[in-house]
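**Student:** Have a look at this one before I ask anything.
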Amino acid sequence: MGLVRTIDWQDDHIVAIDQTKLPGEVVVLEIFTVEDLVDAIQRLAIRGAPALGVAGALGAAMAVVGAPRHRDRDLAALRAARPTAVNLAWGVGHVLARLPDGEEAVLAAALALLESDAARNRALGERGADWLTTRVEGPIAVQTHCNAGALACVEWGTALGVVRSLHLRNRLRHVYVDETRPLLQGARLTAWELAEMGVDHTLVVDSAGATVLARGLAQAVVVGADRITANGDVVNKIGTYPLALAAARAGVPFLVAAPESTIDPALASGAEVEIEVRDGREILGGLPDTPTLNLAFDVTPADLVTAIVTEDRLVAPAAGERPA
Ligand code: MRU
């Protein structure tokens, strides 16, 4: 995995690992149109907040350089492909700001974002590891939810960036991986990445998450985020909030690792975030038709978030600090 980027740009198009096929097969998608990019995002072939930010940026460049006739339609479809991770619309806006300098400037901004992803993740991973090693003595066992690894970014990872840094310092004992229903990003993607990294790990069902902490098996929870609001509320994969409640009860730190682009200063609190509701068939799994509420994300209130690390800083919402 270290050598393959999750999402990249080749000549005039996007290449990306199809995350729906992992861990069984490593299939590389070649995407030439915004329409195909939106489809890949909606079916979670490309997923994870930082990867969505880069997809938004490269997709906007594609819309501007390749298909000027459909530009407005394509940009609107791209921004709206998934509503919760702020990084997607942020990536589109970030590169479109360069449009007055010409179409090539838009592409250059998108490529700069792509190239800087790994350095951002390494910086926030180091900051998270620095912080954890001051709070926990000896080798640390952590629990994580969903996939905030290289597969959710271009390279390296955010929550798994912290894990990588601990591993490289010989300060990582173990990782407990929640399977992350319904699409199993933990079981399929995180467990696969940890195996590639040579990190000891154990898979647990989501409903065992609180018990892992209650039994003292993990000394910290480390997760990524899709959006962090001005007050420090953290929106992440459904099941994160119960883990934060369990961490508070167990007295272990709840650490969020995310790039600055995940912080949305425009929204005061998590109550204002649109939470994606996905097709019920994802949770029915062949059962008879039954009404569903397939929420893809939840909101962890700021008072349960011990710390947020970004590439630039550490913020402690539970201690009253605000990211914006
Ligand atoms: O629905 P997904 O797989 O896109 O959800 C991803 C998550 O919730 C991740 O934890 C988040 O995007 C952070 S990735 C560094």
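**Student:** Report, in deg cm²/dmol and to the nearest 500, the calculated mean residue ellipticity at 222 nm for the chain, where each DSSP H run with n ≥ 4 adds -39500 (n - 2.57) and the sum is divided by the residue count.
**Tutor:** The helix-only estimate for the chain comes to -11500 deg cm²/dmol at 222 nm.
**Student:** Give me the distance in nm between label points sitting 7 Å out from Cα along the Cα-to-Cβ direction at Asp130 and Ala316, one decimal.
**Tutor:** Distance between label points: 1.5 nm.
**Student:** If you don't mind, there's one more thing I want to ask. Assuming a ≥ b ≥ c are the square roots of the Cα gyration tensor eigenvalues, decide whether the chain counts as rounded (a/c under 1.5), prolate (otherwise, with a/b larger than b/c) or oblate.
**Tutor:** prolate
**Student:** Can you compute the FRET efficiency between Arg171 and Arg69 using 1/(1 + (r/R0)^6), with r the Cβ-Cβ distance and R0 = 45 Å? Round to the nearest 0.05.
**Tutor:** E(calc), rounded to 0.05, equals 0.25.
**Student:** If we sort 291-301, 35-45, 223-233, 141-151 on the protection proxy, mean other Cβ atoms within 10 Å, highest first, what's the order?
**Tutor:** By packing density, highest mean first, the sequence is 141-151, 223-233, 35-45, 291-301.
**Student:** With a probe of 1.4 Å, find how much accessible area the range 142-239 has per residue, and write the answer as a whole number in Å².
**Tutor:** About 30 Å² of surface per residue is accessible.
**Student:** Right, here's the next one. Send over the semi-axes of the range 175-324's equivalent ellipsoid, whole angstrom and largest first, taken as the square roots of 5 times the C-alpha gyration tensor eigenvalues.
**Tutor:** Each semi-axis is the square root of five times an eigenvalue, giving 25, 21, 14 Å.
**Student:** Given labels modelled 7 Å from the Cα in the Cβ direction, how far is it in nm from Asn294 to Leu245?
**Tutor:** 2.4 nm
**Student:** Quick check: residue separation of Glu137 and Ala214 times 0.36 nm, minus the Cα distance between them. What number comes out in nm?
**Tutor:** 25.8 nm
**Student:** Using +1 at the Cβ of each Lys and Arg and -1 at the Cβ of each Asp and Glu in the chain, identify which of Ala112, Ala89, Gln19 lies farthest towards the dipole's positive end.
**Tutor:** The listed residue farthest towards the positive side: Gln19.
**Student:** How about the range 224-310: which GluC sites (Glu not before Pro) there are in a DSSP loop, with at most 12 other Cβ atoms within 10 Å of their Cβ?
**Tutor:** Here the sparse-neighbourhood loop sites are Glu274.
**Student:** Here's another thing I want to ask about it. May I ask you to evaluate 6.51 cos²θ - 1.76 cosθ + 1.60, the Karplus curve with θ = phi - 60°, for each residue of the range 170-185 and list the ³J(HN,Hα) values in order in whole Hz, giving x for glycine and proline?
**Tutor:** 6, 10, 9, 9, 6, 10, 8, 10, 6, 5, 6, 5, x, 9, 6, 4
**Student:** Can you work out the PRE-style zone for Ala271? Point 7 Å along Cα to Cβ, and I want the residues of the range 234-254 with backbone N under 17 Å.
**Tutor:** The answer is 234-235, whose backbone nitrogens lie closer than 17 Å to the label point.
**Student:** Okay, moving on. For an R0 of 22 angstrom, estimate the FRET efficiency from the Cβ-Cβ distance between Leu287 and Phe32 and round to the nearest 0.05.
**Tutor:** 0.05
**Student:** Projecting each Cα onto the charge dipole of the chain (Lys/Arg +1, Asp/Glu -1 at the beta carbon, about the Cα centre), which of Gln10, Ala141, Gly125 comes out farthest on the positive side?
**Tutor:** Highest projection toward the positive end goes to Ala141.
**Student:** Could you tell me the distance between the Cα centroids of the range 258-324 and the range 93-120, to the nearest Å?
**Tutor:** 26 Å
**Student:** Using the Cα centre of the chain as the reference point, and only Cβ charges (+1 on K/R, -1 on D/E), how large is the resulting charge dipole? Debye, rounded to the nearest 20.
**Tutor:** Roughly 860 debye for the chain.
**Student:** A follow-up question, please. Just reorder Arg82, Arg215 by solvent-accessible area, largest first, 1.4 Å probe, all chains present.
**Tutor:** Arg215, Arg82
**Student:** How far is helix 103-135 tilted, in degrees, relative to the longest principal axis of the Cα atoms in the chain, given as a value from 0 to 90 rounded to the nearest 10?
**Tutor:** Its long axis makes an angle of about 0 degrees.
The values are calculated or read from the model by the stated rules, or taken from the named source; none is laboratory data. Everything numeric here is computed off the predicted structure, so don't read it as measured data. Using ideal geometry, Cβ is built from the backbone for each residue, glycine included, and neighbour counts are taken over all protein chains shown. Ligands, DNA and RNA are excluded from the accessible area calculation, which covers all protein heavy atoms including side chains. Shrake-Rupley method; radii C 1.70, N 1.55, O 1.52, S 1.80 Å.
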